[in-house]
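Worksheet for the structure shown next.
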Amino acid sequence: MRFEAPESLSEQIAQHIGQRIVVRSLKPGERIQELKVAGELNVSRGSVREALLILERRHLVEIYPRRGAVVSEMTVSSVNALYDIYIDLLCMLGRKVLERWSGHELSGLADQIRKHGSLLGASNPLGNDPEQVIEAGFDIVRNACGMVENPFLQETLENFRPAISRTYYMVLENRPSETAETGPLFQKLADAAMQPDAAQLQQVIQQYGEHQRKQILTILTEENA
């Protein structure tokens, strides 16, 4: 039996603050006051301080001497750096899945991918819920990681989740039609997995990642203008 320790208080606080950053109730450049957060959550300042260090490692906040923690900015440079690595990691994950599994063994994952594509359909009202769309997408990644059984890859992808969720939310919030546009890509992804066609699978993953990158960069450019 595998032992799983409960999440620490600092981790719970980090997830709470991180979600506020993802949904933009805490804006880029906004200062996060330890004392205020501690009072709101009825926790110690030490726990809040530890949570902010966790968020710094996840690139959601920056901590400055004498100024404290502020919500990190999203820039063209940071988005490109993020997607350069994340797309390659997803391609690696897809390749490793096909190396270990084939045919009917992939049917469960393919069905999950198709279901997510349907969730993104224009006629599905749930496709307008950014948080549900993001969570469903990461469920696919988690299941694929479980099939690969590579704890290093799984942990690395999970560490990318907060920063990626932040960009996804921004795209879905500013581009409501984005869900309908990306839905067909997940159908192609499922088809490539079932064939199986590793080259096509990686091509679709690359196409999806670059599409997301282009969307977020366009939004950032518009906001800066």
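The values are calculated or read from the model by the stated rules, or taken from the named source; none is laboratory data. None of these values were measured; they are calculated from a predicted model. Here the Cβ is made from the backbone with ideal geometry for all residues, glycine too, and neighbour counts use every protein chain on show. Only protein heavy atoms, including side chains, enter the accessible area calculation; ligands, DNA and RNA are left aside. Shrake-Rupley method; radii C 1.70, N 1.55, O 1.52, S 1.80 Å.
Structure summary
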item	result
Viscosity 1.002 mPa s, temperature 20 °C, Stokes-Einstein D of region 1-92 from Kirkwood C-alpha radius, µm²/s	148 µm²/s
Placed amide H near Val61: partners under 5 Å, 5+ positions off or other chain	Glu56, Ser72
Accessible surface ranking that places the most exposed of Tyr168, Tyr83 first, with a 1.4 angstrom probe	Tyr168, Tyr83
For the chain, accessible area per residue (1.4 Å probe, heavy atoms of protein chains only), Å²	55 Å²
0 to 90° range, to nearest 10: angle between helix 76-100 axis and the chain longest Cα axis	40 degrees
Pairwise label distance in nanometres, Asp129 with Ser107, each label 7 Å out on the Cα-Cβ vector	2.9 nm
Asn224-Arg142 pseudo-label distance in nm [points 7 Å out on the Cα-to-Cβ vector]	3.5 nm
Estimated 222 nm signal from helices in the chain, with DSSP H stretches of n ≥ 4 weighted -39500 (n - 2.57), rounded to 500	-24000 deg cm²/dmol
Global form of region 143-206, assessed from the alpha-carbon gyration tensor, a/c cut-off 1.5	oblate
Accessible area of Glu34 in the full protein assembly, 1.4 Å probe (Å², nearest 10)	40 Å²
Largest-first principal axis extents of the Cα set of region 30-84 (Å)	39, 18, 17
With every protein chain in place, the chain: carbon and sulfur % of accessible area (1.4 Å)	52 percent
Karplus (6.51, -1.76, 1.60) ³J(HN,Hα), θ = phi - 60°, over region 193-203, in Hz, Gly and Pro reported as x	5, 7, 5, x, 9, 4, 5, 5, 4, 5, 5
Given the chain, longest segment not containing exposed loop trypsin sites (Lys or Arg not before Pro) (DSSP; at most 16 other Cβ within 10 Å)	68-225
On Cα atoms only, tilt of 9-22 relative to the major axis of the chain in degrees	70 degrees
20 Å Cα-Cα reach of Lys115 towards lysines, excluding residues that sit fewer than 8 places from it in its own chain	Lys188
Cα centre as origin, Lys/Arg/Asp/Glu Cβ charges: the chain dipole, Debye	460 debye
Table column - 3J(HN,Hα) (Hz), region 143-155, Karplus curve with 6.51, -1.76, 1.60, x for Gly and Pro	5, 5, 4, x, 6, 7, 6, 10, x, 5, 5, 4, 5
From phi via Karplus (6.51, -1.76, 1.60), per-residue ³J(HN,Hα) for region 40-47 in Hz, x at Gly/Pro	5, 9, 6, 10, 7, 5, x, 5
